[in-house]
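Shown below is the structure under consideration.
The values are calculated or read from the model by the stated rules, or taken from the named source; none is laboratory data. This structure is a prediction, so every number in the text was calculated from the model and none was measured. Cβ: placed from backbone, ideal geometry, glycine included. Neighbour counts: every protein chain shown. Just so you know, the surface numbers come from the protein's heavy atoms only, side chains and all, with ligands and any DNA or RNA stripped out. Shrake-Rupley method; radii C 1.70, N 1.55, O 1.52, S 1.80 Å.
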Amino acid sequence: MSLEPVHTRFPKVPIERRAAAFFIDFVGVWLVSSLLGFNVFVQIVVFMLSWAALRVVLVSSNQGQSLGRWALDMKVLDAKYSKIPGLLTLAKREGILGFCALLAMLGLNIGLANGISMLLLIFPLVADCCSALADEESQQAFHDRMAKTLVIQTRRGFSLDLRLKKIFAQVRRRLQK
């Protein structure tokens, strides 16, 4: 077993890719909860159940990848053992992040009707994710540090970002002709 830290043995994931993967998962869960939740309480329950299904159950059975992480070629690892985290670790990690995402969803539902409340509800998610920007060595967000997990790049996935770049380059070339 190597003595060097896990975060130096695996390639780092750029922050913008992590944000895009989170956005894919967040929008998917938000849409489900908006369509199935006819009032705020039901919407909160559906959001949390959908979040747990997508980010805990799916990740534990899909080699550390949620839908967003699969689309952008990354996965979650236990920082200590370099393996897929267990259900308890994932539940801790996603409980923190899911609560912040839930507050952000409520803030976005309020919208500009009450701008200060919207900003206050979005702030915990921003603060959690900005902690990854402050940690240049391992790029762990607050929820990663609490659960002792890492997000690393992988070859297994859909490579959505690379496919979109390729499509945009082809469109740009066709428009220039």
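Restrict the search to the range 87-165; then list the trypsin sites (Lys or Arg not before Pro) that DSSP places in a loop and that have at most 13 other Cβ atoms within 10 Å of their Cβ. Write out the running numbers ahead of the final one.
Working: sites: LYS92, ARG93, ARG145, LYS148, ARG155, ARG156, ARG163, LYS165; in loops: LYS148, ARG155, ARG156.
Counting only loop positions with at most 13 other Cβ atoms within 10 Å, the trypsin sites (Lys or Arg not before Pro) in the range 87-165 are ARG155, ARG156.
Could you run the Karplus curve 6.51 cos²θ - 1.76 cosθ + 1.60 with θ = phi - 60° over the range 152-167 and give me ³J(HN,Hα) per residue in whole Hz, x for Gly and Pro?
Once θ is set to phi - 60°, the couplings for the range 152-167 become 10, 7, 9, 8, 7, x, 9, 6, 4, 4, 5, 5, 5, 4, 5, 5 Hz.
Another question about this same structure. Show the residues, 5+ positions off or on another chain, whose built amide H is closer than 5 Å to the amide H of THR149.
ALA79
Which value, to two decimals, describes the C-alpha radius of gyration of the range 42-129 once divided by 2.2 N^0.38 Å? Could you put the intermediate results ahead of the total?
Details: Rg = 14.5 Å, N = 88, 2.2 N^0.38 = 12.1 Å.
Taking N as the residue count of the range 42-129, the ratio is 1.20.
May I pose another question? Take the alpha carbon atoms of the range 72-141, find their center, do the same for the range 150-177, and report the distance between the two centers in whole angstrom.
Answer, in whole Å: 25.
Pick the calculated Cα Rg over 2.2 N^0.38 Å for this structure from [x] 1.05; [y] 0.95; [z] 1.11?
[z]
With every protein chain kept in place and ligands, DNA and RNA left out, what is the accessible area per residue of the range 110-152? Probe 1.4 Å, answer in Å².
Numbers: 2440 Å² over 43 residues.
In whole numbers, the range 110-152 has 57 Å² accessible per residue.
Give me the count of lysine pairs in the chain whose alpha carbons sit under 15 angstrom apart, restricted to pairs 8 or more positions apart or on different chains. Display every interim value, and only then the final one.
Details: LYS12/LYS75; LYS75/LYS83; LYS75/LYS148; LYS80/LYS148; LYS83/LYS148; LYS92/LYS148.
Lysine pairs satisfying the spacing and distance rule in the chain number 6.
Let me ask something additional. Quote to one decimal, in nm, the extra length available between VAL45 and SER159 on full extension: 0.36 nm per residue of separation minus the C-alpha distance between them. Before the final figure, lay out the partial values.
Values: separation 114, 0.36 × 114 = 41.04 nm, distance 3.17 nm.
Contour length minus Cα-Cα distance gives 37.9 nm.
Shifting gears a bit: Note down the magnitude of the dipole of the range 59-126 about its Cα centre, charges +1 on Lys and Arg C-beta and -1 on Asp and Glu C-beta and zero elsewhere, to the nearest 20 debye. Provide the component values of the computation, followed by the final result.
Numbers: 6 positive and 3 negative charges, 45 e Å.
The dipole magnitude comes to about 220 debye.
Toward the positive end of the charge dipole of the chain, about the Cα centre and with charges on Cβ (Lys, Arg +1; Asp, Glu -1), which of VAL57, LEU108, ILE24 goes farthest?
ILE24
Another one. Using the Karplus curve 6.51 cos²θ - 1.76 cosθ + 1.60 with θ = phi - 60°, what ³J(HN,Hα) values do you get for each residue of the range 139-145, in whole Hz, with x for Gly and Pro?
6, 8, 6, 4, 5, 5, 5
While we're on this one: For the range 65-177, what is the charge dipole size about the Cα centre, in debye to the nearest 20, if Lys and Arg each add +1 at the Cβ and Asp and Glu each add -1 at the Cβ? Show your work: numbers first, answer last.
Details: 17 positive and 9 negative charges, 183 e Å.
That gives a dipole near 880 debye.
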